[in-house]
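Notes for the one structure printed next.
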Amino acid sequence: MSEVTPFRPNWISPPGETIADLLEEASWSQAEFAERMGTSRKFVNQLISGEASLTDETAVKLERVFGSSVRFWLAREAIYRAELAKQEEMRGLQEDVPWLREIPVSDMIALGWVPKCYDKAEQVAECLKFFGVGSVSAWRQWSQSLAQTAYRMSPKAQQRLGATAAWLRYGEIEAKSLVVEPYDRGRFKAALARLRSLTQEPDPAVFLPALRDICASAGVAVVLAPAPRGCPASGATRWLSPSKALMMLSLRYKTNDQLWFSIFHEAAHILLHGKRMMFLEVENGMDADAEREADAFAADALIPREFVPRLAALGANKEKVRRFARELGIAPGIVVGRLQKEGYIPWSHLNGLKVRYSWAGDC
């Protein structure tokens, strides 16, 4: 990860320094220059020192006196004023440095979300830019709205809001760059059958691009991103616009049964629930009707209800589980996860049939 150490000098050169250099070359005094400009000596002194702004009218006169273009002088003034504003901003941001303790800066740097800055005020500025807010107070208002909007954020999760906000913001940034078709509910519902068949592919390098493409064709952007430390989220669903939904998945899933259940759970929110609500799945989240409905949808989509009575007879027999999975057209690990969930086998049994993942960049 590259480190950002911007050159931020304590001094700034006003356009007046260029004027002073030109006066020296021409051997003109400030009094003579004032006469040529048709202005007072006091104004010339203020212009050279940077106290007076270089206006459009002054730029026109400078062009006539020195020959340099109006555009040159106005650009010189604009750069000077911008640097003044930047220095003033950095002085103000020094007071916001404690805010960095509220967000997972080290993980954000390690994941490449923000550059590393040696100067703390510069780090504050880079983090504000990442979140797309103008100030720390604006960030607080925005992040609190996340807690109010998220359907399932427990009080414990709200205490770690900075990390969750960073994860959600990264997903928002990534999703905006993804090209998707306008959302079509019927097309997305039909696409779930294709997603279901992908569960049989063990390699994420193969099924993840296919997952993204299938969902994009129906108006859903899929983003997988590691959750920084302190973020309890496993998944999230939100609408970026009426025609573009975001399905975001963290890299907490270590087995294929967990991952695919979560994918269908998030799909249920998109299909069944309102576009104004954001659904955030977190550890120890608060139960809600919409969450239970999404859980039931995911369970039925992976193993249809008419097949559920046959689960008990499978027991811990590997071959029976494999045959049952082939009949359903899903991965055996998903059947194992359901058997464990229903209490038909202990959590320690048949885990060898699950596909385990090791995600790069997972915090």
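The values are calculated or read from the model by the stated rules, or taken from the named source; none is laboratory data. These numbers come from a predicted model, not from an experiment. Virtual Cβ from ideal backbone geometry, glycine too; neighbours counted across all protein chains shown. These area figures cover heavy atoms from the full protein model, side chains too; ligands, DNA and RNA do not enter into them. Shrake-Rupley method; radii C 1.70, N 1.55, O 1.52, S 1.80 Å.
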Against the condition under 14 Å from GLY16 (Cβ atoms) and out of contact with any Ser or Thr (no Cβ under 7 Å at 6 or more places or on another chain), how does ALA59 come out, does it pass?
yes
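One line per residue, one yes/no per condition, for (1) on the phi > 0 side of the Ramachandran plot; (2) among the charged types (D, E, K, R):
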{"site": "LEU198", "(1), (2)": "no, no"}
{"site": "GLU201", "(1), (2)": "no, yes"}
{"site": "VAL222", "(1), (2)": "no, no"}
{"site": "GLY230", "(1), (2)": "yes, no"}
{"site": "LEU271", "(1), (2)": "no, no"}
{"site": "ALA299", "(1), (2)": "no, no"}
Answer residue from segment 169-202, given it is acidic (Asp, Glu) and in contact (Cβ under 8 Å) with a residue 24 or more places away in the chain and is most open to solvent (accessible area, probe 1.4 Å) among those:
GLU181
Answer with yes or no whether ALA218 is free of Cβ contacts under 8 Å to residues at least 40 places away in the same chain and within 25 Å of ALA331 (Cβ to Cβ).
yes
May I ask you to verify whether GLN123 is touching a helix residue (DSSP H, G or I) at 6+ places or on another chain (Cβ under 8 Å), part of a helix (DSSP H, G or I) and open to solvent by 70 Å² or more (accessible area, probe 1.4 Å)?
no
Somewhere in segment 166-174, is a residue in contact with a Phe, Trp or Tyr (Cβ under 8 Å, 6 or more places away or on another chain), among the small types (Gly, Ala, Ser) and assigned to a helix (DSSP H, G or I)?
yes
Counting only residues in segment 267-294 that are of a type outside the set (A, V, I, L, M, F, W, C) and crowded, with 24+ Cβ neighbours inside 10 Å, the one nearest to LEU224 (Cα to Cα) is identified as GLU281
Looking only at segment 333-361, which residues are open to solvent by less than 20 Å² (accessible area, probe 1.4 Å) and more than 16 Å from LYS254 (Cβ to Cβ)?
VAL335, LEU339, ILE345
